[in-house]
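Each remark here refers to the structure printed beneath this line.
The values are calculated or read from the model by the stated rules, or taken from the named source; none is laboratory data. Small disclaimer: the values here were computed from a predicted structure and weren't measured. Cβ sites come from the backbone with ideal geometry, for glycine too, and all protein chains shown count toward neighbours.
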Amino acid sequence: MNSGKKNKGKKGFKTIRRSFVSLLDGSFLVNDWTRRHIRFIFFLVFLSLVYITNIISAEKKHRNIRAQEKQIKELEAVLATQNSELNNMSKPTAIYERLKDKGFVRNTDAYIIIEK
């Protein structure tokens, strides 16, 4: 029983070796089976190329999305900084400090409310 397994293993290796050699020397192209199924083989090759192209395209889009997400985070930080600066600049004391050099003075009179 053991001898059958050994022969089967050697046959499998020989078959694989023969297939590999026929692939390398191109003799598989003139094989009858290959001629009958050449359309299907070309179809599989075409599908493989489409699949590879699709993977490359998806990876490129993924990299672009990641780069844009990083850029958005940087721009959000800039926006937060600018909003903070704008809030500080619009305070009455900051406005007064900027206009003080141009001769404007702060109003010290009390506000008058006009009623109807």
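Of all the criteria given as (1) assigned to a helix (DSSP H, G or I); (2) surrounded by fewer than 10 Cβ atoms within 10 Å (Cβ to Cβ), the one not satisfied by residue 113 is (1). Can you confirm whether residue 47 is surrounded by 10 or more Cβ atoms within 10 Å (Cβ to Cβ), at pLDDT below 90 and of a type in the set (A, V, I, L, M)? Judged against the criteria, residue 47 is not a match. Somewhere in the stretch 6-16, is a residue among the aromatic types (Phe, Trp, Tyr), at pLDDT 90 or above and either over 47 Å from the mean Cα position of the chain (by Cα) or not in a loop (DSSP other than H, G, I, E, B) (or both)? No, that holds for no residue. Taking residue 22 as the residue in question, decide whether it is hydroxyl-bearing (Ser, Thr, Tyr) and out of contact with any helix residue (DSSP H, G or I) (no Cβ under 9 Å at 6 or more places or on another chain). Considered against the rule, which asks whether it is hydroxyl-bearing (Ser, Thr, Tyr) and out of contact with any helix residue (DSSP H, G or I) (no Cβ under 9 Å at 6 or more places or on another chain), residue 22 comes out as no.
Taken together, 81, 93, 34, 53 contain a single residue that is exposed (fewer than 10 other Cβ atoms within 10 Å of the Cβ) and part of a helix (DSSP H, G or I), which is 93.
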